[in-house]
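K.L.:
Quick one: the structure is below, questions incoming.
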Amino acid sequence: MKKNSNCKFKILCVSIFIIFLINCLFICFPKIKAEADNAIKIESDLAHQNKEVALEQNQVSSYRYLYNLDNSADYIYIEFIDGGYAIYAQKTMEILEYSLQWQLPFDNNIGSIYYAGPSNYYKKEDNKFYDLVSGKIVSISIEQSLDYASKIRKVVVEDKIKKNNLNIYGETESFNFIEKKYNLKKKSPNIDTGNMIVPTMGLGKMISNAQYFLTNPFHGENVDGNTYGNGNSGTCGAVAAQIILGYNNYCVNRKIIPDKYLYGYDDSKDLVVNTERNPNYCSDPMSMTRWTLGTRSEATGVNSFYNEMISSIMKPNTSGASIYEVKKGISEYLGRYLNSNEYTVAYDFRTWLLGWYPISFKSISSEIDANRPIIISTNSNLGGQDHFVVGYGYQDYTYSNNGGTYSGYIVHYGWNNHNNVWINSSWCDGYVSLKIKHTHNYNTVGSIASTDRIEYKCVDCGHRTDAAINMRANERYVERIAKLPQNNYKYIDYYVTFENSGNKLFQTFGPQDVEMYLYNIEYKQLAYNDDAGYKVNSLFSYNVDANMPYILRIKLYYANATGDIKIGITPSDAAYSKYEDIWHGELQNNMGFEWTAKLNTTKVICLTPTYSGRYVLHTFSTDYLDGYLYFIDPATTNECIFDDDGYGDLQARIEVDLIADKRYFIVISTYNITMASGNLRLLVGRS
């Protein structure tokens, strides 16, 4: 998408392009034209035409008029009894499109149908044209549609198309509906990989897990002219599918790719023998090597995932694949391992209207905004190559020769060591998008060997991480320690779910200057804060939904900073916008605080002692409630102190040394917040 539009140039090229296009039709189909003229008869409804056509009525099942873009009934659409269709110019009866097998998506309830050349069929609502296949709006103004209509009418009606002495070069393409709309092959041509444009890191937008692509996971070869899989060449569609499925298996749902297709697997023993090369068994769940991120990529072999993708997408002994074939192959593969409601595979593709034009930038960038990589199709007619790549970011780029500023995509190009390339969005004619729908249910596994981190594992899909928070219904307070940076990331994203809905207080603790974000699962920002917490820490409240996944991002404010950050979450009975708003008590020697406990909430308070010394905090209840206490020093990342029954009679007790004029954070709660409510007291005194 160039910032300065080239639409005027496209409009100037329309006449030449359409004349070439329709001349191609009549060179390719003279025999079909003759056979159809002998086999079809139009009834008396077409008698107003100046040309009488002899047709056999019993071969026709239905017919209707198709309209030019200026509402003139310039074409006739016919369906045959035994299948197939034809489209004619109404006045000259020249055949424009024909198939012996397919019929077009022309529902009788649509109303007027507009025809803009082979494979371009539209309806009109509120002065907007809609593609009948994709349902998407066609970007064409009224002025452009009138100009287009007059030019094509001149070619097919007034000039009657001259079919002799034409210099047609190359192999003329079939304009069969399926072939034209879905079956333009991408054959991974030989590309000058030495002249790729490298994006400027840190600019634009990349998905949160971009390090997956930057690590360059193992994948299959992508060179035209060599034979792989089942006698196939031109395998860029299979490579792109292999990479995007590998990403989703590693980052989203481990049920997508079985162990046999991952590295470390021994075919003869039928098991994983090299565990450090397999993401499901390696000692560190956050391992990001080419082995743990990649999928088996032998050219042939029953357990080569590369070969599996070729077999799913391409027919044996063929070269190249279309967008439709890539989409269909991915869908059929996923259907073998996931339920149909666990994934969505979609695609869109643009050919020509007012000349060749690219797919909408928003269509692709919106997937990246939602944190989903996407397969992008590039087209030689638009300035790129007939090739598939995997996009995981976008940014503007200004060519060094002052050739203008363009929007483009950051992609894995499918070639070894070409995993970080910028391509111009105006080269791209389509995409295949993949959305995996899965909510993790993490349980604690235990300490990660040789680290001070904890591993969590999804009991449903087996995904492993050190950044998960699954807050159970009866949990009163949870905390995690984030260690930054990790795996070259300047931030850490926690996957967070809550069994109970309602207000939750999120905050960070420690000496670091921290930024904190809350996103939904598609990375739409829900909350953000920088310095509302203790000193330069972050704090916000948010009303969450039960069993809905969220992403909690913890990021150091300064790019070069390193260190630990503690995150704390509690179901507070009040929403707070800054740390100073939390109820605060000045502690001299003794004090008492009474609170009416509510279901599914806790009470948070702050205490500042006047004198340094040792203090005892304990709960007390006239309603015989089971009390619980948490004590947090907000200046450190030390683990919180907590107690249940240390005071006896179901009451909690904490004895701790306090420093004068320093503020401390305390959570008061019943033991089971889902059941008990009533009066609960906190008593504090010098030891």
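The values are calculated or read from the model by the stated rules, or taken from the named source; none is laboratory data. Just so we're clear, the structure is a prediction, and the values are computed from it rather than from any experiment. In this analysis, Cβ positions are derived from the backbone assuming ideal geometry, glycine residues included, and neighbour counts consider all displayed protein chains. When the accessible area is computed, the model is the full protein with side chains, heavy atoms only, and any ligands, DNA or RNA have been set aside. Shrake-Rupley method; radii C 1.70, N 1.55, O 1.52, S 1.80 Å.
K.L.:
Give me the mean projected area, in nm² to one decimal, of the convex hull enclosing the Cα positions of the range 595-643. Intermediate results must be reported in sequence, preceding the final value.
P.N.:
Values: hull surface 19.3 nm².
Value for the range 595-643: 4.8 nm².
K.L.:
Please report how far the C-alpha centroid of the range 570-613 lies from that of the range 405-434, rounded to the nearest whole angstrom.
P.N.:
The two parts, judged by their Cα centres, are 53 Å apart.
K.L.:
Okay, moving on. Placing +1 at every Lys and Arg Cβ and -1 at every Asp and Glu Cβ, with all other atoms neutral, what dipole size does the range 508-664 have around its Cα centre, in debye to the nearest 20?
P.N.:
Working: 12 positive and 23 negative charges, 84 e Å.
Computed charge dipole of the range 508-664: roughly 400 debye.
K.L.:
Then there is this: Using only the alpha carbons of the range 344-497, determine the length spanned along each of the three principal axes and report them from longest to shortest in whole angstroms.
P.N.:
62, 34, 28
K.L.:
Hey, another quick one. Under 5 Å between amide H atoms, partner at least 5 residues away or on a different chain: which partners does ASP626 have, H built in plane at 1.01 Å?
P.N.:
TYR671
K.L.:
Need one number: the % of Cα-Cα pairs in the range 477-595 sitting beyond the 25 Å mark. Could the numbers behind the result be given before it?
P.N.:
Details: 1783 of 7021 pairs.
Across the range 477-595, Cα pairs with separations above 25 Å total 25 percent.
K.L.:
How big is D, in µm² s⁻¹, for the range 187-277 by Stokes-Einstein at 20 °C and 1.002 mPa s if Rh is the Kirkwood radius over C-alpha pairs? Display every interim value, and only then the final one.
P.N.:
Details: Rh = 15.8 Å.
The calculation lands on 136 µm²/s.
K.L.:
Give me the 1.4 Å probe accessible area per residue for the range 415-457, excluding ligands and nucleic acids, in Å².
P.N.:
Details: 1800 Å² over 43 residues.
Using a 1.4 Å probe on heavy atoms only, each residue of the range 415-457 averages 42 Å².
K.L.:
Separate question: Within the P(r) computed for the range 384-427, what percentage of the Cα pairs occupies the region above 16 Å?
P.N.:
Working: 346 of 946 pairs.
When all Cα pairs of the range 384-427 are counted, 37 percent exceed 16 Å.
K.L.:
If you put +1 on each Lys and Arg Cβ and -1 on each Asp and Glu Cβ, how big is the dipole of the range 350-441 around its Cα centre, in Debye rounded to 20? Before the final figure, lay out each step's value.
P.N.:
Working: 5 positive and 5 negative charges, 54 e Å.
It comes to approximately 260 debye.
K.L.:
Over the range 253-347, what relative contact order in percent results from Cα pairs under 8 Å that are six or more residues apart? Write out the running numbers ahead of the final one.
P.N.:
Numbers: 109 pairs, mean separation 19.0, N = 95.
Rounded, it is 20 percent for the range 253-347.
K.L.:
Go through 339-348, 302-311 and give me the packing order, highest mean Cβ count within 10 Å leading. Present the calculation step by step, with values, prior to reporting the outcome.
P.N.:
On the way: 339-348: 15.5, 302-311: 23.3.
Descending packing order for the listed peptides: 302-311, 339-348.
K.L.:
Throw me the Rg/Rh for the range 601-687, computed over C-alpha atoms with Kirkwood Rh, two decimals. Walk me through the intermediate numbers first.
P.N.:
Numbers: Rg = 12.8 Å, Rh = 13.2 Å.
Here the Rg-to-Rh quotient is 0.97.
K.L.:
In a Debye calculation with equal point scatterers on the alpha-carbon sites of the range 245-392 and no solvent, what is log10 I(q)/I(0) at q = 0.14 Å⁻¹?
P.N.:
These q points yield log10 I(q)/I(0) values of -0.80.
K.L.:
Within the range 234-342, report the trypsin sites (Lys or Arg not before Pro) that DSSP leaves as loop and that have at most 12 other Cβ atoms within 10 Å. List each step's numbers first, then the result.
P.N.:
Working: sites: ARG254, LYS255, LYS260, LYS269, ARG277, ARG290, ARG296, LYS327, LYS328, ARG336; in loops: ARG254, LYS255, LYS269, ARG296, ARG336.
Passing sites in the range 234-342 are LYS269, ARG336.
K.L.:
Related question: May I ask you to give the percent of accessible area on the range 215-305 that is carbon plus sulfur, with a probe radius of 1.4 Å? Present the calculation step by step, with values, prior to reporting the outcome.
P.N.:
Numbers: 1510 of 3150 Å².
Carbon and sulfur together cover 48 percent of it.
K.L.:
What accessible area per residue, rounded to a whole number of Å², is obtained for the range 247-328 using a probe radius of 1.4 Å? Each step should come with its number before you reach the end.
P.N.:
Numbers: 3250 Å² over 82 residues.
With the other protein chains kept in place, the range 247-328 gives 40 Å² per residue.
K.L.:
Got a number for carbon plus sulfur as a percent of the range 392-515's accessible area, 1.4 Å probe? Provide the component values of the computation, followed by the final result.
P.N.:
Details: 1850 of 4450 Å².
C and S fraction of accessible area: 42 percent.
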